[in-house]
Each structure stands twice: as structure tokens, then as C-alpha cells.
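The values are calculated or read from the model by the stated rules, or taken from the named source; none is laboratory data. Small disclaimer: the values here were computed from a predicted structure and weren't measured. Quick reminder, even Gly has a Cβ in these numbers, built from the backbone with ideal geometry, and neighbours come from all protein chains shown.
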Amino acid sequence: MKFLKWNQLAHVGEQALGQALGHVNVLAGRVMEGTLRLGVTGLRRSGKTVFVTSLIDNLIRGGRLPFMDVIAANRFLAARLRAGPDRTSPRFSYEKYLAALTASPPHWPAATTGVSQLRLALRFLPTSPLRRSIQPMATLNLDVIDYPGEWLMDLPMLNQSYRDWSTHTLELTEHQPRRQLGARWLHWLSTVTPDLRPDESLAREGAALYTDYLHACRRSQSNLSLVQPGRFIEPGELAGTPLLTFCPLPPGNGEPRAHSLWGLMNERFEAYKSMVVRRFFVEHFARLDRQIVLVDVLGMLNAGPAALYDMRMALTACLEAFHHGRGGWLSRLTGHQIDRVLFAATKADHVAASQHTNMRNLLDMLVSEARNAIRFEGATVDTLALAAVKCTETVTTEHQGRKLACIQGTPLGRQRATVLFPGSIPDGPDLFPENVSQPYRFLDFEPPAGVGRDGRGLPNIRLDQALNFLLGDHLA
Amino acid sequence: MTNTSYQDMGRPASAWQAPVELDLHHPDPAASPAASAAAGSAGHQRNDTAGLVALAAWPQWSWAVPAFLGGLATLVLVALAFDATDLMGRSFASSSVLGVLVTVVLAMTVGTAIKLALDEMISIRRLRHIDSLRAEADSLARANGHGSALAFADTLGDFYAGRADLAPALHALGHTVNDAHSDAEVIALIDRQVLSALDQRAYRCVLMASRDTAIATALSPSAALDVAIVLWRNLKLVREVATLYGARPGQFGSWRLMRRMLANLAVAGVTDSVGHVAIDALGGSLAAAISTRLGQGMINGLLTARIGIAAMTLCRPVGFSADNKPNLRRIRSELMSVPKEVL
């Protein structure tokens with residue numbers, strides 16, 4: 001009898017021990033998992049949402065990424081979606097976006113209106129024998145967030161005072177086409193002085209006119225990028241709050257009175273900075289490890305020299321807010337630094353494949369300042385021409401006795417596929433020839449019908465090379 | 001402007017082409033991805049003088065030498081023919097059975113001689129083909145072009161058509177390569193999807209051969225035997241590696257390959273710089289302190305490995321790129337364990 005009891009007890013103990021060891025094992029696995037935060041940076045309409053969707057889909061299916069070393073070497077096991085680390089922010093609805101792209105007829109996801117995030121767990125076999133002896137398979141958690149590109153333009157404001165920002169914004173407005181777009185707001189400005197009584201209705205009027213001006217900038221032919229503050233365009237959950245009722249005022253000489261229109265606007269600007277911009281930055285951008293900057297080069301060429309200049313300025317300004325530097329064990333203690341940055345010219349499928357070299361060279365030229373600044377900080381930088389979802393095929397046709405590298409696809413808003421020569425990208429700095437009024441007319445395309453139905457992941461151009469640059473060393 | 005190549009279309013000023021839409025249903029047979037692949041292939045230049053082949057080129061003989069050799073060979077052949085007919089006549093004269101027997105043996109000898117010569121010619125042609133493939137891949141990877149590499153991939157597919165072990169890789173390559181890849185990218189994909197598996201197998205061959213020579217020279221009692229072993233094993237290794245990459249050399253062909261490799265080793269130091277030889281030798285000297293024979297074995301093993309790697313470099317239809325160059329480090333560490341095994 002006694003013996004039986006002992007036996008039972010031993011059995012229970014064994015079970016408990018087994019469970020405990022199992023827990024320890026799981027815990028150890030968790031601790032050993034690496035985490036990588038990828039910042040997908042890009043101005044409005046540069047294709048962030050589609051990029052993130054394609055990235056997730058391709059990593060889950062893994063059939064179209066031959067240039068990723070971990071996949072080429074057959075060390076990649078699988079990827080799975082997990083809940084994001086931040087329980088309060090919404091999940092990136094990958095399934096919804098993928099459904100939009102693969103629907104019949106397929107369509108592009110609508111513009112992003114809020115922040116969302118997702119964690120993708122990548123399982124792979126490590127290369128180093130030491131690591132493999134401890135951990136036969138390793139896991140890397142890849143965190144990606146998606147947000148409206150407008151909000152990115154708030155980042156340069158972090159380092160500016162209300163006075164600096166007002167001066168800067170008003171200087172910008174002095175040039176065409178902004179001067180014309182903001183005529184009504186400028187007229188309102190001429191009727192007020194900063195020393196006026198702090199009147200709520202006046203502030204609302206000014207903010208409303210300024211918001212109209214920003215919307216006009218966005219919608220205009222020139223497709224301007226430097227549009228601040230971003231929440232005026234895409235307010236998210238802040239629509240109608242007093243945080244969004246301010247606008248730049250011409251700074252007078254000397255210090256304006258505290259109890260004035262200037263004082264009111266100044267206070268709201270500072271509140272906007274600390275409660276909206278800084279929060280957004282700290283929650284999502286302060287701890288990035290890798291960054292990809294998506295640039296819609298073709299859209300800018302379509303819109304003309306003003307847009308190109310504006311985009312360049314906007315990009316340089318908002319990249320200054322990030323912490324770049326050389327990663328190392330010390331950076332783990334002193335805070336996160338972005339040690340690899342990839343500049344990518346998106347929508348590479350909108351030109352023939354033979355143009356990709358020129359496209360990349362053009363991007364090199366456009367981001368040279370930002371790139372040098374980041375390199376100076378010690379981070380590694382590369383540039384690439386990519387397409388997150390490949391919508392066209394490159395074909396060769398004969399046109400008036402010339403062989404032309406054309407593309408075949410369905411232009412946006414049409415039903416039928418067509419072959420067209422979209423124009424070529426010059427390989428020199430002379431982008432806009434004098435005698436041609438509108439030298440570029442790159443069309444947007446519909447996602448091809450039946451895309452992604454083969455289960456190998458969304459077709460893409462150089463997504464694998466981008467991922468290999470961004471994640472490759474963490475998947476070794 | 002009919003022969004405008006892909007690269008030229010980026011330059012605007014002289015021949016500005018405005019954006020234009022062409023009708024898809026226009027009867028234009030060229031408007032297909034396959035045609036686009038073929039269109040660019042005419043423009044590229046073959047760079048035969050580049051790389052190892054040029055380094056190993058033998059000095060040109062004067063016209064007198066081939067003329068002399070040809071004359072000599074003709075004379076010998078004529079003499080042999082006379083002798084053969086004479087032999088046949090004499091054997092028929094002595095007995096008809098003997099005559100038939102001699103005739104049959106004679107026919108067999110002539111037939112096999114012709115077959116051997118043909119085999120050698122085919123093998124040499126295959127080696128030349130590999131050389132030209134490598135030169136083409138090299139120029140494609142450098143030229144920054146687009147569209148021509150698909151034709152190269154087809155050529156390589158034809159070259160490896162009979163290989164069952166490569167069929168899955170070639171099939172997968174057809175799926176991964178698309179019209180957006182540049183020439184350099186297609187070459188890189190061929191390199192990692194098709195040839196890297198061959199590299200692994202070739203590498204194993206080299207490792208085995210280098211261990212064999214190391215152990216055999218360490219154990220062999222005489223220097224003459226050493227030379228014979230090293231020579232035989234190296235020749236076998238070269239044939240193995242060449243066969244793996246599809247060169248299939250005959251007897252004469254592998255001697256030729258060997259000669260070219262020796263020239264390469266002497267001229268260029270294919271795999272490592274001269275400094276590495278010193279390091280290899282120094283590494284060997286540790287073991288040599290224990291036994292001279294073992295040290296010699298190690299050095300012979302390393303030389304075999306170098307010859308094997310040179311053979312890999314010469315037989316690969318696409319040249320090694322910067323990130324997958326074979327190195328001696330692994331073989332060296334592997335060889336360090338040989339003394340233990342032998343002792």
C-alpha cells in the first residue's frame with residue numbers, strides 16, 4: 001500500500017518536473033528569439049501599405065525570394081503572423097489588403113488613415129555551429145508598422161519652435177505654386193496681427209483656411225510633399241480637437257505678448273508637438289533597427305521639377321529625426337540605432353526593366369544629401385529600384401522602325417491590357433528638357449488579374465534583394 | 001536607329017521618344033517576352049581574352065612545326081597502311097582463317113582508334129564551349145544590360161540537358177527568372193540555383209583527393225612512388241571535377257586541362273596569393289617537426305587541393321563571383337586532422 005503511494009507520488013513529481021522543464025524550454029526559446037523593428041518610411045502614396053502586404057505575403061509563402069540568402073541556402077523554415085508587441089495599437093489587416101489585391105477584379109488598398117502594426121515570426125536554421133548546438137532552429141520576430149505618410153512630415157517639427165516653423169512655412173509659401181494655392185489663407189494672414197486678442201473663432205478660421213491650403217497643395221498638379229502638420233490632412237482620431245486649430249503666423253519684431261493670438265497658437269503648436277508628434281515618434285520610430293525609405297520617383301517625375309524639389313527637401317528633413325548609427329553591442333545599452341537604411345525607388349514595374357538602372361541612378365541623385373548624412377552617422381546605406389507588386393511585363397516592340405522596350409499591363413481605370421512605351425528615365429542630371437512641355441507620363445497600373453493565385457507569394461521586383469539587405473544578417 | 005540596344009534608350013537628347021501607347025492587338029509578332037529576350041542578345045560582345053584562359057595561353061608555334069608534324073604523321077600512316085596490307089596479304093597467303101582473323105583485328109584497331117580520336121575531339125570541343133560560356137557570362141554580368149541573359153540561360157539549359165541531377169534545379173530556375181531581372185541578376189541566379197550544388201559536390205571531391213594524397217605520401221616509402229601517386233590522384237581529381245561540371249574530358253583532354261591548370265597555378269596563383277603558400281608550408285611545419293613525412297604529406301595534400309580548386313575554376317560555365325570563391329581554409333583545417341588519423 002505504502003509502496004503504491006510512493007510510486008504515485010514519484011509519478012506526479014516526474015510529471016511536474018517534466019512540465020517545469022518544458023516551461024523553461026519555452027521560456028529559453030522566447031529569450032533567445034531576436035526582434036527586429038523595420039521602419040517602413042515613405043511619403044504619401046509611396047506604396048507603404050502595399051509594400052508591407054507584399055513583404056508579409058512573400059515571407060509567408062517564400063516562393064519568390066530567390067535572392068534572400070536564407071532561402072537560397074534552404075535554411076528558411078517558415079514564417080507566421082503573431083500579435084504585435086504593443087497591445088494597444090491596431091493590427092495591420094494584412095488579410096484585408098491581400099484580399100483587395102487578389103479579388104476579381106483586383107484593386108489597390110485604400111489610403112491608410114491610422115497606425116497599425118504586425119509581428120511576423122521567421123523560423124530558420126542558424127549557420128554558426130555554436131548557435132546551432134544551443135538552438136537547432138532560431139526565430140526572428142519582425143515588427144512592421146504602417147501609418148499614413150502624411151504623419152511622417154510632422155517629424156521635422158520636433159526640432160523647431162513655433163517661431164522657426166512659422167518663418168520656414170511662410171518662406172516656402174512665397175514661391176509658386178504654393179503662393180497661388182495659399183492665396184486665401186495669405187489674404188487672411190494680412191488681416192490679422194500676432195498681437196490680437198486670443199480669439200477662438202479667429203484661430204479656427206485661420207486653421208480652416210490653412211488646412212484648405214494644405215489640401216490644395218496635396219491635390220495640386222505639382223503633388224507637393226512638404227505638407228505640415230500631417231494631422232491636418234489625415235487627422236486620425238484627432239479630428240475636430242483644439243489640438244488641430246493653429247496655423248503659422250508672421251513673427252513680428254521682438255517678443256509678442258503672452259496673452260495674444262500668437263501666444264494661443266504657440267501653445268497649441270507646442271501641445272501638438274508633445275502630445276501628437278512626440279508620442280507617435282516615441283511609440284513607433286524611436287526603437288527602429290532597420291529602415292526602408294520608399295520614394296515614388298516616377299510620380300515626382302510626372303509632377304515636374306517643383307514636386308521633385310519639394311520631395312527632396314521633405315525627405316531630407318524627416319530623415320534627420322531618426323537615430324542612425326553603427327550598431328554594436330554598445331548600442332544595445334545606449335538605445336536603439338538604425339544601422340541599415342535602404343532607399344528604394346518604388347513602382348519599378350511602371351517602366352521597362354531596362355530602365356531600372358537609370359531609375360536607381362536617379363534615386364541615388366535625389367537622395368544624395370540624406371544618404372551622405374546617414375552614412376556620416378555610420379549606418380550602411382544602399383539604393384534599389386523595386387516593385388512590391390509587379391503589375392506589368394517588359395516586352396519589345398517595333399515602333400516606326402525602332403525597337404522599343406515597352407511594358408504590357410492594364411492601366412488604372414481600364415479593363416483591357418495594353419502595350420505602351422511609358423517614356424524613358426534620363427541617365428544624367430538633365431531631367432526636364434527645355435523644349436518638351438510634359439516629358440513624362442508614367443501611368444499607374446491595376447494589379448494583374450489572378451495575382452498571387454499560384455501560392456508562391458505576390459510577384460515582385462527585387463523585394464528579395466531589399467529584404468536580404470535589411471534582414472539578411474539577422475537570419476544568419 | 002534599327003539596332004538600338006536596350007542601354008541606348010536611356011539617353012534622351014539625340015533620339016527623344018515621347019511616351020506612346022501601342023495597341024496590344026496590333027499584329028506584331030515581336031511583342032512577346034520571349035522575343036524581348038532574343039532581341040538584346042545580338043548586341044553583347046564576346047570577351048575571349050579575359051580571365052584565366054588568356055593567362056594560360058600557350059605561345060604560338062610557327063607554321064613549320066605543324067607542317068612538319070603533319071608530314072611526319074602522314075608518312076607514318078602511309079607506312080602503317082602499307083605494312084597492314086602487306087600483313088594481310090601474307091596471312092591470307094599462309095592460311096585463309098588466319099587472314100580473316102588478322103583482318104578482323106585490324107578493323108577493330110582502326111575503328112577504336114577513330115572512335116578514341118572522335119571522343120577526344122568532342123571532349124576538347126566541350127571544354128572550349130565551357131570557356132566561351134564563361135566568357136559570355138562574365139561579359140553579361142559586367143555589362144549592366146537587360147534581356148540577353150535569358151538566352152544564355154537557355155544555352156546553359158541545353159548544355160546540361162542530359163543531366164538528371166540538374167533537371168530540378170534548371171526547372172526551378174525557369175520559374176524564378178522573370179522579365180524584370182537584369183542580366184547580372186540572371187547570372188547570379190544561375191550561379192546560386194544551379195551551380196552552387198555542383199560546387200558542393202566538387203568541393204567534396206577535392207577534399208577526398210587532398211586527403212588521399214596527404215595520407216598516401218605520408219605512408220609511401222620512396223620519393224618516386226610519391227610522384228606517381230600524386231600525379232595519378234591529381235589526374236583522377238581533375239577528371240572527376242571536370243565530369244561533374246559537364247566537361248567530360250578524355251585522356252588527352254584531361255592532360256590538356258592539367259597542363260593549363262599548371263600554367264595557371266604558375267602564372268596567376270589562381271586561388272590564393274603566394275603568401276598563402278608560405279602560410280600553408282608553415283602550418284605544415286608544425287607537423288613536420290613531428291615527422292617530415294607527415295609534413296610532406298600535408299603539403300602534397302594542399303597542392304592537390306589547389307589543383308582541384310583550379311580545375312573547378314576552369315570547368316565552371318559561370319565564373320566564381322566575389323562571395324562564393326572557393327577557399328583553402330576548410331581544406332586546410334580538415335588536413336590538420338590527418339596526422340592524428342595516420343598516427
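The number of residues in segment A:420-440 being outside any loop (DSSP other than H, G, I, E, B) and of a type outside the set (A, V, I, L, M) comes to 1.
Being surrounded by fewer than 16 Cβ atoms within 10 Å (Cβ to Cβ) and either touching a strand residue (DSSP E or B) at 6+ places or on another chain (Cβ under 8 Å) or under 30 Å from A:PRO129 (Cβ atoms) (or both) holds for only one residue in A:LEU420, A:LEU412, and it is A:LEU412. Does segment A:458-465 contain any residue that is more than 8 Å from chain B (Cβ to nearest Cβ) and farther than 20 Å from A:ALA352 by Cβ? Yes, there is a match, as at least one residue in segment A:458-465 is more than 8 Å from chain B (Cβ to nearest Cβ) and farther than 20 Å from A:ALA352 by Cβ.
Only one of the numbered conditions (1) assigned to a loop (DSSP other than H, G, I, E, B); (2) more than 11 Å from chain A (Cβ to nearest Cβ) is violated by B:HIS181, and that is (2).
Taking interchain pairs and intrachain pairs at least six residues apart, which have beta carbon atoms under 7 angstrom, with the first residue in segment B:174-197 and under 26 Å from A:CYS391 (Cβ atoms) and the second among the basic types (Lys, Arg) and surrounded by 21 or more Cβ atoms within 10 Å (Cβ to Cβ)? If the second residue must be among the basic types (Lys, Arg) and surrounded by 21 or more Cβ atoms within 10 Å (Cβ to Cβ), the pairs left are B:ALA180/A:LYS390.
Of all the residues in segment A:214-226, those that are surrounded by fewer than 21 Cβ atoms within 10 Å (Cβ to Cβ) and either of a type in the set (D, E, K, R) or modelled with pLDDT of 85 or more (or both) number 4. When residues in segment A:154-213 are screened for being of a type in the set (Val, Ile, Thr) and either closer than 16 Å to A:SER225 by Cα or within 33 Å of the chain's Cα centre (by Cα) (or both), 4 of them pass.
Taken over segment B:142-161, residues that are out of contact with any Leu (no Cβ under 7 Å at 6 or more places or on another chain) and within 14 Å of chain A (Cβ to nearest Cβ) amount to 8. Quick one: which of A:ALA321, A:ALA370 is over 29 Å from B:VAL20 (Cβ atoms), in a loop (DSSP other than H, G, I, E, B), of a type in the set (A, V, I, L, M) and more than 10 Å from every other protein chain (Cβ to nearest Cβ)? Going through A:ALA321, A:ALA370 in turn, just one is over 29 Å from B:VAL20 (Cβ atoms), in a loop (DSSP other than H, G, I, E, B), of a type in the set (A, V, I, L, M) and more than 10 Å from every other protein chain (Cβ to nearest Cβ): A:ALA321. Of the listed requirements (1) within 9 Å of chain B (Cβ to nearest Cβ); (2) basic (Lys, Arg); (3) out of contact with any Pro (no Cβ under 6 Å at 6 or more places or on another chain); (4) in a loop (DSSP other than H, G, I, E, B), A:ARG453 misses just one: (1). Against the list (1) buried (at least 21 other Cβ atoms within 10 Å of the Cβ); (2) farther than 23 Å from A:TRP151 by Cα, the condition A:PHE322 fails is (2).
Taken as a whole, segment A:102-111 holds no residue that is under 29 Å from A:PHE322 (Cα atoms) and in a helix (DSSP H, G or I).
Being assigned to a helix (DSSP H, G or I), in contact with a Leu (Cβ under 9 Å, 6 or more places away or on another chain) and buried (at least 17 other Cβ atoms within 10 Å of the Cβ) holds for only one residue in A:LEU170, A:LEU142, A:LEU189, and it is A:LEU189.
Residue check: B:GLN200 meets all listed conditions (1) in contact with a helix residue (DSSP H, G or I) (Cβ under 9 Å, 6 or more places away or on another chain); (2) closer than 30 Å to A:LEU463 by Cα but one, namely (1).
In segment A:385-419, how many residues are outside any strand (DSSP E or B) and among the small types (Gly, Ala, Ser)? Matching residues across segment A:385-419 total 4. Report the residue count in segment A:379-410 for those that are at the interface with chain B (Cβ under 9 Å from one of its Cβ atoms), within 28 Å of the chain's Cα centre (by Cα) and of a type outside the set (S, T, N, Q). Selection size over segment A:379-410: 3.
Is it the case that segment A:375-382 has a residue that's in contact (Cβ under 8 Å) with a residue 60 or more places away in the chain and not in a helix (DSSP H, G or I)? Checked segment A:375-382: at least one residue is in contact (Cβ under 8 Å) with a residue 60 or more places away in the chain and not in a helix (DSSP H, G or I). Quick one: is A:GLY413 within 12 Å of chain B (Cβ to nearest Cβ) and of a type in the set (Gly, Ala, Ser)? So A:GLY413 fails the test. Condition check: in contact with a Phe, Trp or Tyr (Cβ under 6 Å, 6 or more places away or on another chain) and under 25 Å from A:VAL295 (Cα atoms). Does A:LEU214 satisfy that? Spelling it out, A:LEU214 is indeed in contact with a Phe, Trp or Tyr (Cβ under 6 Å, 6 or more places away or on another chain) and under 25 Å from A:VAL295 (Cα atoms). When the criteria are applied in full, A:PHE376 fails the requirement of being in contact with a Gly (Cβ under 8 Å, 6 or more places away or on another chain) and more than 8 Å from every other protein chain (Cβ to nearest Cβ).
Quick check, is B:ILE130 touching a residue at least 40 places away in the same chain (Cβ under 8 Å), away from chain A (no Cβ under 14 Å), buried (at least 19 other Cβ atoms within 10 Å of the Cβ) and assigned to a helix (DSSP H, G or I)? So B:ILE130 fits the description; yes.
In segment A:47-100, of all residues being in contact with a helix residue (DSSP H, G or I) (Cβ under 6 Å, 6 or more places away or on another chain) and part of a strand (DSSP E or B), the one that is surrounded by the most Cβ atoms within 10 Å (Cβ to Cβ) corresponds to A:ALA79. Taking residues in segment A:124-136 that are in the same structural domain as A:ILE71 (by TED's automatic domain parsing), and partners anywhere that are among the aromatic types (Phe, Trp, Tyr), the pairs with Cβ atoms closer than 6 Å and at least 6 places apart or on different chains are A:PHE124/A:PHE76. Answer yes or no as to whether A:SER133 is of a type in the set (Gly, Ala, Ser) and assigned to a helix (DSSP H, G or I). In short, yes.
Among the residues of segment A:227-272, not one is basic (Lys, Arg), in contact with a helix residue (DSSP H, G or I) (Cβ under 6 Å, 6 or more places away or on another chain) and either assigned to a loop (DSSP other than H, G, I, E, B) or surrounded by fewer than 22 Cβ atoms within 10 Å (Cβ to Cβ) (or both). Among the residues of segment A:416-437, the ones that are of a type in the set (S, T, N, Q) and facing another protein chain (nearest Cβ under 7 Å) come to 2 in all. Listed conditions (1) more than 9 Å from chain B (Cβ to nearest Cβ); (2) over 24 Å from A:ASN58 (Cα atoms) are all met by A:PRO448, apart from (2).
From the list A:MET359, A:MET365, the lone residue that is crowded, with 21+ Cβ neighbours inside 10 Å and either touching a Leu at 6+ places or on another chain (Cβ under 6 Å) or touching a residue at least 12 places away in the same chain (Cβ under 8 Å) (or both) is A:MET359.
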